[in-house]
Amino acid sequence: MSEKENTIRLASIPGDGIGTEVIRSALEYLSPKAASFDVNIDVEELDWGADKWLREGVGIPKGKLERLQKEKHAIFFGAVGDPRIPDMAHGREILLGLRKRLDLYANVRPIQILKPELSPLKNAQNIDMVIIRENTEGIYVGEGTHESEGTINERACDISVNTYMGVERIIRYAFELAKKRRGHVTLVDKNNAMRFGGSLWQRTFKEVAGDFANVETAHLYADVACMRLVDDPQRFDVIVTDNLFGDILSDIGASIMGSLGLAASANINPGKLSLFEPVHGSAPDIVGQGIANPLAAVMTGAMLFDELGYLELATSIRKDAMGAVRKGLVTPDLGGELKTEAVIEELVSHI
Ligand code: ATP
């Protein structure tokens with residue numbers, strides 16, 4: 001369903017905690033905003049989350065995902081996490097289930113500075129990069145062995161799985177993205193220590209680079225990449241890396257932006273049903289207070305429109321969000337005094 005239509009059929013899954021607050025609020029702005037670009041958003045809200053899990057023992061209802069794959073253009077997701085379910089069983093079933101069953105192999109995290117003063121970095125001007133994290137393999141596959149537990153011979157092995165197919169497609173995704181941006185891809189790995197997977201990533205990176213003559217490349221070990229993100233972040237355009245290093249680097253990235261309340265992300269299977277979610281979680285500490293920052297969800301909406309081909313709409317949304325941040329019309333996490341709804345009203349006033 002990648003053809004451009006004037007109606008976007010959206011499944012919204014607000015989930016738990018502030019997920020429900022930011023997704024519903026963001027849509028109060030995104031829907032009229034899209035309408036002003038002649039795009040109609042048809043939202044079906046799904047109640048997947050902690051309440052349903054506790055009530056019915058169901059994460060993803062049977063047959064529902066297949067229906068979404070047929071009917072929807074995108075999933076707009078809030079957060080899962082609830083103090084009543086400390087082991088996050090429902091989160092695993094819902095979010096990890098969606099990632100796996102929809103084969104959302106590219107985790108995309110843009111790192112942009114909306115206002116340099118918010119960043120903990122001294123020199124935060126002109127930071128604009130995207131971290132592409134492989135989302136289906138690596139250390140997160142949960143394979144390994146655990147022998148002689150509790151004895152002095154205990155041996156615990158976690159296996160990082162890397163397949164040629166998995167590595168090739170994520171590296172190609174990064175190059176395709178770089179082609180549309182500033183034309184530079186940095187491969188981050190640890191091939192000096194992780195020899196087998198490392199050599200597969202290195203070899204495949206060179207092979208794919210051969211198809212993109214106008215894209216420049218660089219390579220950094222993961223430890224060095226962490227340092228460069230802090231002392232020379234402007235050097236990065238697109239970073240591609242495995243599941244574990246992507247997890248770590250993108251949290252440094254979110255921190256560089258100055259607040260979790262600004263960080264957007266997408267889980268993508270190109271041309272197929274994909275999932276768009278703010279980076280932050282359910283934040284039980286501030287739930288119900290009306291102070292959740294809706295801008296990460298709004299910026300996530302911009303990613304969604306970008307992916308569906310509505311580039312001007314996405315750019316305009318980013319401009320509105322940046323305007324609110326620059327003027328300080330923001331929630332307390334960014335040093336402002338506004339409530340969630342007031343931030344949305346400010347954005348709506350620019351439509
Ligand atoms: P979860 O278990 O669902 O990941 P968490 O509270 O452990 O939830 P996050 O929700 O990601 O983790 O956030 C950590 C803290 O950052 C929160 O406790 C909250 O104070 C703050 N925070 C996160 N997102 C926002 C937001 N959108 N607006 C304001 N503050 C936020």
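The values are calculated or read from the model by the stated rules, or taken from the named source; none is laboratory data. On a predicted model such as this, the values are computed, not experimentally measured, just so you know. Using ideal geometry, Cβ is built from the backbone for each residue, glycine included, and neighbour counts are taken over all protein chains shown. Areas reflect the complete protein model, heavy atoms only, side chains present, ligands, DNA and RNA absent. Shrake-Rupley method; radii C 1.70, N 1.55, O 1.52, S 1.80 Å.
Using every Cα-Cα pair within region 234-351, state what percent have a distance larger than 26 Å. Of all Cα-Cα pairs in region 234-351, 23 percent lie more than 26 Å apart.
Computed as a quarter of the hull surface, the mean projected area of the alpha carbon convex hull for region 95-215 stands at 11.4 nm². For region 112-125, putting each phi into the Karplus relation 6.51 cos²θ - 1.76 cosθ + 1.60 with θ = phi - 60° gives couplings of 10, 9, 7, 8, x, 4, 7, 7, x, 7, 5, 10, 9, 5 Hz, in residue order, rounded to whole numbers and with x for Gly and Pro.
Sort 48-61, 242-255 by packing, meaning the average of other beta carbons within 10 Å per residue, with the highest value first.
Packing order, densest peptide first, comes out as 242-255, 48-61.
Hey, can you rank 144-150, 23-29, 281-287, 298-304 by average C-beta count inside 10 Å, highest first?
My ranking of the peptides, most packed first, is 298-304, 23-29, 281-287, 144-150.
Would you be so kind as to identify which of 252, 292, 224 lies farthest towards the positive end of the dipole of region 187-308, taking Lys and Arg as +1 and Asp and Glu as -1 on Cβ and the Cα centre as origin? Of the candidates, 224 comes out farthest on the positive side.
Think of a 1.4 Å ball rolled over the protein heavy atoms: region 104-243 then has 51 Å² of accessible area per residue.
By the Kirkwood approach, averaging reciprocal distances over each pair of separate Cα atoms, region 70-165 gets a hydrodynamic radius of 17.6 Å. For region 256-306, the solvent-accessible area works out to 24 Å² per residue, with a probe of 1.4 Å and every protein chain left in place. Candidate cross-link partners of residue 206 among the lysines, defined by an alpha-carbon separation under 17 Å and a same-chain spacing of 8 or more, comprise 179, 190.
With θ taken as phi - 60° and the Karplus curve 6.51 cos²θ - 1.76 cosθ + 1.60 applied, the whole-hertz 3J(HN,Hα) list for region 17-22 is x, 6, x, 5, 5, 6 Hz, x standing for glycine and proline. When each of the peptides 228-240, 212-224, 158-170 is scored by how many other beta carbons lie within 10 Å of its residues on average, the order from highest to lowest is 228-240, 158-170, 212-224. The tail of the calculated P(r) for region 1-77 beyond 19 Å holds 42 percent of all Cα-Cα pairs.
Per residue, the average separation of C-alpha pairs within less than 8 Å and at least 6 apart gives the chain a relative contact order of 23 percent. Computed from the C-beta positions of residue 149 and residue 203 and an R0 of 51 Å, the FRET efficiency is 0.90 to the nearest 0.05. Give me the percent of accessible area attributable to carbon and sulfur for the chain, probe 1.4 angstrom. Solvent-exposed carbon and sulfur of the chain make up 51 percent of the total.
Near residue 241, once Lys and Arg are set to +1 and Asp and Glu to -1 for all other residues with Cβ below 10 Å from its Cβ, the sum equals -2.
Each Lys and Arg contributes +1 and each Asp and Glu -1, all at the Cβ; summed about the Cα centre of the chain, the dipole is approximately 700 debye.
Among beta bridges from DSSP that stay inside the chain, the antiparallel ones total about 40%. With contacts taken as Cα pairs under 8 Å and at least 6 residues apart, region 42-97 reaches a relative contact order of 45 percent.
Region 67-81 and region 231-284 have their alpha-carbon centroids 19 Å apart. Ignoring lysines fewer than eight residues from residue 115 along the same chain, the ones with Cα atoms less than 21 angstrom from its Cα are 319, 327, 339. In region 1-69, Cα pairs under 8 Å separated by at least six residues give a relative contact order of 38 percent.
What separates the Cα centres of region 8-40 and region 160-180 is a distance of 30 Å.
For region 76-90, 3J(HN,Hα) computed residue by residue from phi via the Karplus equation (6.51, -1.76, 1.60; θ = phi - 60°) reads 10, 10, x, 7, 10, x, 7, x, 6, 10, x, 8, 6, 4, 5 Hz, glycine and proline entered as x. For the Cα trace of region 172-222, dividing Rg by the Kirkwood Rh returns an Rg/Rh value of 0.99. As an equivalent ellipsoid, region 52-120 spans semi-axes of 28, 19, 10 angstrom, where each value is the square root of five times an eigenvalue of the C-alpha gyration tensor, largest first. Cα-based values for the chain, radius of gyration first and Dmax second, are 20.3, 67 Å.
Near residue 45, the amide H atoms lying under 5 Å from its own belong to 12; only residues 5 or more places off or on other chains count, and H is placed 1.01 Å from N.
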